[in-house]
Amino acid sequence: MAGPRKAAIKLAPPPDALPAQATAKYQRVFEYLHGHIQSGALKAGDRLPSEAELGRLFEASRITVAKAVLDLQRMGLVSRRPGAGTHVLAPHMAEGRTFGLLIPELGLTEIFEPICHGMMRSAFARPDALLWGNAASSVGEMAKEAEQMMSSFIRQKVAGVFFAPLELTPDKDATNRRIARDLDRAEIPVVLLDRCYMPYPDRSAHDLVGVDNRRAGYKATIHLLQMGVRRVAFLGEAHAAGTVDERIAGFYEAQRRYSVIPERELVRRGSPQDEGLVRKLMEDLRPEAIVCGNDLTAARLMQTLIGLGIKIPEEVRIVGMDDVKYASLLPVPLTTIHQDCAGIGMAAMATMLQRLEHPELPVRDVTVPTSLVVRKSCGAGLGKVAEPAIA
């Protein structure tokens, strides 16, 4: 017969040192509970207040509270049982290291969720835990929230941080360097995900796990050239990550391989949703095909071209990069370069653990293979493309 249910510990209101406007509510809840467990104020066997009670205490939603408690559970600090509540675990049950995920674009860019899931599924990850930072609500908030997450991870003394540097903001380079500098000063190992924060071809002093972006750009462009296309342009977003510059390098390398000598500069940087920019690109360059910096750029470009009355692939062919979930569901299914995001996550976890065990190892680039996925947008099987008629 089960014994009486243990009463939940009464927690004092959070101190004014953690004002809501300065720290995300998720971080306030997590750090307050984590601090009480680490200090011994909450002891093994103590039952935490319910999520509803914590929500009232921190003026936070139950979803926010649940996320904080779930991270404590992932760290092995608490156990949750239906009907019994959430209890603090004994220290010997909370072994293992905790790693921070500093991914400002989590929830905004599709590739990072499967990368994180790859880390969690990795055999290397057990009994270690992953601490998910608060995802940015918008591109404009990414820099501020990224620095808040970094400060939180330093206070929590995580064993290492997986960092996907910011992009698409004018001050991204300065912000990324500050984050890397502060983590280095705190002596917290960093593994970069997908991209380096230094402008290409410069390289930082941190391990990097991703794909060979130069080869990906080469592979996408060669595919078009092998079909007889000669006027190939490249479109990438302004302030994009250095991965786009690497893909541009591969784009040019493929053209040199085929002895294609363009009459003018064939790379454009800007928003694919800018109808004026796209119209000018088509009028000035008259491209037979366009390689895009990533699938999101390709999807938006496709929408703009269709709005201009330009047929894909009959008048212009498009190739993307990443092979996100919606690539095959676009109005014209997208030919793209597939990257194994789960594989990147597993390789990143292995790289982090090797760095912790052997800090003397040289800085490494760990690359996961890519493959070309051929769909309708590249015009495979078509003859020569027709000249687009710009309305």
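The values are calculated or read from the model by the stated rules, or taken from the named source; none is laboratory data. All values reported here derive from a predicted model rather than from experimental measurement. With ideal geometry, Cβ positions are generated from the backbone for all residues, glycine too; neighbour counts draw on all protein chains shown. What goes into the accessible areas is simple: the full protein's heavy atoms, side chains included, and nothing from ligands, DNA or RNA. Shrake-Rupley method; radii C 1.70, N 1.55, O 1.52, S 1.80 Å.
Annotations
- Search result, residues across region 168-193 that are assigned to a helix (DSSP H, G or I) and not charged (D, E, K, R): A174, T175, N176, I179, A180, L183
- Residues that are open to solvent by 10 Å² or more (accessible area, probe 1.4 Å) and either acidic (D, E) or within 14 Å of the chain's Cα centre (by Cα) (or both), drawn from region 171-193: D171, D173, D182, D184, E187
- Residue within region 280-297 that is out of contact with any Gly (no Cβ under 9 Å at 6 or more places or on another chain), exposed (fewer than 15 other Cβ atoms within 10 Å of the Cβ), modelled with pLDDT under 95 and closer than 25 Å to T169 by Cα present: no
- Region 89-105 - residue that is modelled with pLDDT under 80 and in a loop (DSSP other than H, G, I, E, B) and, of those, nearest to Y197 (Cα to Cα): G96
- Qualifying residue in region 194-208 (condition: over 30 Å from P272 (Cα atoms), of a type in the set (D, E, K, R), within 18 Å of the chain's Cα centre (by Cα) and not in a loop (DSSP other than H, G, I, E, B)): yes
- Total residues in region 298-326, condition touching an Asp or Glu at 6+ places or on another chain (Cβ under 9 Å), open to solvent by less than 10 Å² (accessible area, probe 1.4 Å) and over 18 Å from L224 (Cα atoms): 1
- Of all residues in region 154-165, those that are out of contact with any Leu (no Cβ under 8 Å at 6 or more places or on another chain) and either buried (at least 17 other Cβ atoms within 10 Å of the Cβ) or β-branched (V, I, T) (or both) total 0.
- Some residue of region 123-139 being at pLDDT 75 or above, buried (at least 20 other Cβ atoms within 10 Å of the Cβ), within 12 Å of the chain's Cα centre (by Cα) and not in a loop (DSSP other than H, G, I, E, B): no
- Evaluating L168 against the criteria (1) more than 29 Å from C378 (Cβ to Cβ); (2) open to solvent by 30 Å² or more (accessible area, probe 1.4 Å); (3) modelled with pLDDT under 85 leaves one unmet condition, (1).
- Hits in region 262-317 (condition: over 24 Å from the mean Cα position of the chain (by Cα) and of a type in the set (D, E)): E263, E265, D274, E275, E283, D284, E288, E314, E315
Here's the yes/no breakdown for (1) within 20 Å of F112 (Cα to Cα); (2) within 21 Å of the chain's Cα centre (by Cα); (3) at pLDDT 95 or above; (4) β-branched (V, I, T):
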position	(1), (2), (3), (4)
H338	yes, yes, yes, no
M352	yes, yes, no, no
E360	no, no, no, no
V366	yes, yes, yes, yes
S377	no, no, yes, no
A389	no, no, no, no
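- For R56, the conditions (1) at pLDDT below 85; (2) more than 25 Å from the chain's Cα centre (by Cα); (3) on the phi < 0 side of the Ramachandran plot all hold with the exception of (1).
- Of everything in region 234-279 that is acidic (D, E) and over 27 Å from D171 (Cβ atoms), the residue that is most open to solvent (accessible area, probe 1.4 Å) is E263.
- Counted residues, region 260-281 - those being assigned to a helix (DSSP H, G or I) and touching a Lys or Arg at 6+ places or on another chain (Cβ under 6 Å): 1
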